[in-house]
Amino acid sequence: MGADMPHIHPATELKSNFAHLAKICQSENEPVYLTRKGHGDLVLMSLASFQQIQAKLELYQKIDEAELESKTSSLRLSHEDVMQNLRSRLT
């Protein structure tokens, strides 16, 4: 999140002020935290932000899998072999 204060609004604003909340999410690329009865309840974010978070989570999962595989396998590839393998998948 940026240096500004987080955007915190009551969940009831979804009905009355959805356009404004959506604008915050899209133009400022910041989530809006929604509260219910004074407690955190939901997070509203743009689709682009959500997809970016999903992509990061998938990357972290693949890194975890690779680290586990490197600990359980004796197979080692050179940097050149890895890059050649990746390039062949892209073409």
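The values are calculated or read from the model by the stated rules, or taken from the named source; none is laboratory data. Predicted model only: the values in this text are computed from it and were never measured. Counting neighbours? That spans all protein chains shown, and the Cβs are built from the backbone with ideal geometry, glycine included. The protein model used for the area step is the full one, side chains on, heavy atoms only, and it has no ligands, DNA or RNA in it. Shrake-Rupley method; radii C 1.70, N 1.55, O 1.52, S 1.80 Å.
Taking the protein heavy atoms of the range 7-61 in the context of the full set of protein chains, the accessible area attributed to carbon and sulfur is 59 percent at 1.4 Å. Ellipsoid semi-axes for the chain, based on the Cα gyration tensor and the rule √(5λ), read 42, 16, 10 Å when sorted largest first. Using heavy atoms of the protein chains and a probe of 1.4 Å, the accessible area assigned to SER16 is about 100 Å². Relative to the longest principal axis of the Cα atoms of the chain, the long axis of helix 79-90 lies at roughly 60 degrees.
Counting only protein heavy atoms and using a 1.4 Å probe, the accessible area of ASP41 comes to about 70 Å². Take the Cα of HIS39, step 7 Å toward its Cβ, do the same at HIS79, and the gap between the two points is 5.2 nm. The candidates LYS23, LYS56, arranged from most to least accessible area with a 1.4 Å probe in the full protein assembly, appear as LYS23, LYS56.
If you line up the long axis of helix 47-72 against the longest principal axis of the chain, both from Cα atoms, how many degrees apart are they, to the nearest 10? The angle comes out near 30 degrees. Counting only protein heavy atoms and using a 1.4 Å probe, the accessible area of VAL82 comes to about 60 Å². Taking every protein chain into account, the accessible area of the chain amounts to 86 square angstrom per residue (probe 1.4 Å). The label-point distance for THR12 and LEU90, in a model that sets each label 7 Å from Cα toward Cβ, rounds to 5.3 nm. Using the Cα gyration tensor of the range 43-91, with a ≥ b ≥ c the square roots of its eigenvalues, what is the shape: rounded (a/c below 1.5), prolate (a/b larger than b/c) or oblate (neither)? Oblate, because a/c is 1.5 or more while a/b does not exceed b/c.
Computed extension length for LEU47-GLU67: 4.2 nm, one decimal, from 0.36 nm per residue of separation with the Cα-Cα distance subtracted.
Spatially, the range 1-51 and the range 73-88 are offset by 43 Å when compared through their Cα centroids.
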